[in-house]
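The following block contains the structure, expressed as C-alpha cells.
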Amino acid sequence: MIAEEILARIKDKFSTRILKVFEKSPHRIYIDFDSKDIPKVANFIFREMRGRLSTVTGIDTRRNIELLYHFSFDSSGTIVSLRTLIDRDNPEIESVTPVIKGAEWIEREIHELLGVDFINHPNLKRLLLFEDWPEGKYPLRRE
C-alpha cells in the first residue's frame, strides 16, 4: 500500500476527527488527533490496515506532553505517525496495549520517564529506573 492510499483510507474513516495532516516527505506522514481518538485510530491502522507499531515517542514541550505513535507500512516504506497532545499537569491517555500487545513496554517506559498515565494498561510497574528513584520525578521532563 502506497502513502497516498494509506492516507486516503485514514481520511475516509476518520475525516471528522483529524485535526491536521503534515506530509513531511513522500513516505512520512504526521496526522494530529485528539488524545481520546488515538486508541480507535491505532486499532484501525493495526488491525484493518496491517500497519506495524514501530514505537511510541513522548516529548515534554513545556506546555503539553506530545505523544507520537509511529506505524510502519514496510512494503511501501511509509511511516504514519499519529500525534496528540495531552495535558502536562494531568498526563493521561487510554493505553493501546489492549489492542497492540507490543506497546506494553514502550508505554511503561514513557510512564516512568515522562509521567504519562496509560489508562487500562495491564502493568505500569517500573522498567528502567532504580527502585529508590523518587516518586513524581520524571527524568525526561524539562523541569
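The values are calculated or read from the model by the stated rules, or taken from the named source; none is laboratory data. Small disclaimer: the values here were computed from a predicted structure and weren't measured. Here the Cβ positions follow ideal geometry from the backbone for every residue, glycine too, while neighbour counts run over all protein chains shown. With ligands, DNA and RNA removed, areas are computed over all heavy atoms of the protein, side chains included. Shrake-Rupley method; radii C 1.70, N 1.55, O 1.52, S 1.80 Å.
Do any strands (runs of 3 or more DSSP E) entirely within region 1-61 hold 1 or more residues that are at pLDDT below 95, and if so, which? Can you show your working first?
On the way: elements: 18-25, 28-33, 52-60.
Because the criterion is at least 1 residues that are at pLDDT below 95, the strands (runs of 3 or more DSSP E) in region 1-61 that meet it are 18-25.
Write out, first by first residue and then by second, each pair whose Cβ atoms fall under 6 Å of each other, whose residues are 6+ apart or on separate chains, and whose first residue, in region 10-35, is small (Gly, Ala, Ser) while the second is surrounded by 12 or more Cβ atoms within 10 Å (Cβ to Cβ) and at pLDDT 95 or above.
Qualifying pairs under 6 Å: SER35/THR84; SER35/ILE86; SER35/ILE93.
For region 62-72, does any single residue satisfy the condition of being within 28 Å of LYS137 (Cβ to Cβ) and touching a residue at least 60 places away in the same chain (Cβ under 8 Å)?
yes
Open to solvent by 40 Å² or more (accessible area, probe 1.4 Å), farther than 18 Å from PRO39 by Cβ and at pLDDT 95 or above: which single residue out of GLU109, GLU92 fits that description?
Details: GLU92 fails: farther than 18 Å from PRO39 by Cβ.
Only one candidate passes the filter, namely GLU109.
Before we move on, is ILE79 hydrophobic (A, V, I, L, M, F, W, C) and either in contact with a Leu (Cβ under 9 Å, 6 or more places away or on another chain) or without any contact (Cβ under 8 Å) to a residue 12 or more places away in the chain (or both)?
Values: hydrophobic (A, V, I, L, M, F, W, C): yes; either in contact with a Leu (Cβ under 9 Å, 6 or more places away or on another chain) or without any contact (Cβ under 8 Å) to a residue 12 or more places away in the chain (or both): no.
So ILE79 does not fit the description; no.
Just wondering, is there one or more residues in region 90-113 that are assigned to a loop (DSSP other than H, G, I, E, B) and among the basic types (Lys, Arg)? Reasoning before the result, please.
As a first pass, look at region 90-113 and keep what is assigned to a loop (DSSP other than H, G, I, E, B): 90-91, 95-100.
When the remaining residues are screened for being among the basic types (Lys, Arg), the result is none.
So far as region 90-113 goes, no, none of its residues is assigned to a loop (DSSP other than H, G, I, E, B) and among the basic types (Lys, Arg).
Is there a residue in region 64-73 that is outside any loop (DSSP other than H, G, I, E, B) and open to solvent by 50 Å² or more (accessible area, probe 1.4 Å)?
Our first condition is that a residue be outside any loop (DSSP other than H, G, I, E, B); within region 64-73, this holds for 64-73.
Now narrow it down to the ones that are open to solvent by 50 Å² or more (accessible area, probe 1.4 Å): none.
No, every residue in region 64-73 fails to be outside any loop (DSSP other than H, G, I, E, B) and open to solvent by 50 Å² or more (accessible area, probe 1.4 Å).
Name the pairs whose Cβ atoms lie under 7 Å apart, with the first residue in region 101-124 and touching a residue at least 12 places away in the same chain (Cβ under 8 Å), the second among the small types (Gly, Ala, Ser), and 6 or more positions between them or separate chains?
As it stands, the answer is GLU107/SER95; ILE110/GLY58; LEU114/GLY58; VAL116/GLY58; PHE118/SER95; ILE119/SER95; ASN120/SER95; HIS121/SER95, since those pairs meet every condition given.
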